[in-house]
Amino acid sequence: MEYTPKIINDRYVLFVAQAIKCPICEKLMVKKVPRDYYTQSFFPGYINMNQDAQMNRAGLVYISDVKVDDCNICVECKESGKADFKCDLCGERKPTEKIQESFGYPPDFLCKDCYDTTPAKIWEEKIEQLESDHRYDFE
């Protein structure tokens, strides 16, 4: 795709920006552009033209730093507690507050429920396996 930015007047330009679908709610997400009060922002400072106002009108959401299955999710899903993970031991999806251990990148997880109910021998064997599987992730 080829796009040439359009100049609106001597002050505004229309650009193409990349958006990604949230894997949970499927809303389009974009990054928040930092606003520095001492320098000019990419977006106008006017209340009805700033990034928040424009995104609100378009139905866009901000991308968060939280990942589910190695995909970032939106801030709304993060704040409403929709982030989850799949436990590598029981295979069930759990909310992120149930993470007991994580290994490597992209991470594999073990849940608190399994930690509380799994025999120590099986738990330790799973930890050894995951540590072995991810031993080269950060080299």
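The values are calculated or read from the model by the stated rules, or taken from the named source; none is laboratory data. Please read all numbers here as calculations on a predicted model, not as lab measurements. Cβ sites come from the backbone with ideal geometry, for glycine too, and all protein chains shown count toward neighbours.
Does VAL61 satisfy the condition of being in contact with a Ser or Thr (Cβ under 9 Å, 6 or more places away or on another chain), in the same structural domain as LEU28 (by TED's automatic domain parsing), surrounded by 16 or more Cβ atoms within 10 Å (Cβ to Cβ) and of a type in the set (A, V, I, L, M)?
So VAL61 does not fit the description; no.
Say we look at the range 5-25 and pick out the residues that are touching a residue at least 24 places away in the same chain (Cβ under 8 Å) and aliphatic (A, V, I, L, M); which of these is nearest to CYS77 (Cα to Cα)?
ILE24
Could you identify the single residue in ALA17, ALA53 that is farther than 30 Å from ASP69 by Cβ and of a type in the set (A, V, I, L, M)?
Every option except ALA53 fails the conditions.
Given the criteria without any contact (Cβ under 8 Å) to a residue 24 or more places away in the chain and either of a type in the set (Lys, Arg) or in the same structural domain as GLN129 (by TED's automatic domain parsing) (or both), does GLU2 qualify?
For GLU2, the condition - without any contact (Cβ under 8 Å) to a residue 24 or more places away in the chain and either of a type in the set (Lys, Arg) or in the same structural domain as GLN129 (by TED's automatic domain parsing) (or both) - is not met.
Going residue by residue through the range 32-47, is there one that turns out to be under 30 Å from PHE109 (Cβ atoms), surrounded by 12 or more Cβ atoms within 10 Å (Cβ to Cβ) and at pLDDT 85 or above?
Looking for residues that are under 30 Å from PHE109 (Cβ atoms), surrounded by 12 or more Cβ atoms within 10 Å (Cβ to Cβ) and at pLDDT 85 or above, one finds at least one in the range 32-47, hence yes.
Failed condition for ILE24, given (1) part of a loop (DSSP other than H, G, I, E, B); (2) not aromatic (Phe, Trp, Tyr); (3) not assigned by TED's automatic domain parsing to the domain that holds VAL13, with all others met?
(3) is the only condition that ILE24 fails.
Of all residues in the range 57-90, which are closer than 13 Å to CYS22 by Cβ and either in a loop (DSSP other than H, G, I, E, B) or over 11 Å from the mean Cα position of the chain (by Cα) (or both)?
Selection gives GLY59, LEU60, VAL61, ASP69, GLU79, SER80, LYS82, ALA83.
For the range 97-122, name all the residues that are part of a helix (DSSP H, G or I) and crowded, with 18+ Cβ neighbours inside 10 Å.
Passing the criteria: LYS98, CYS114.
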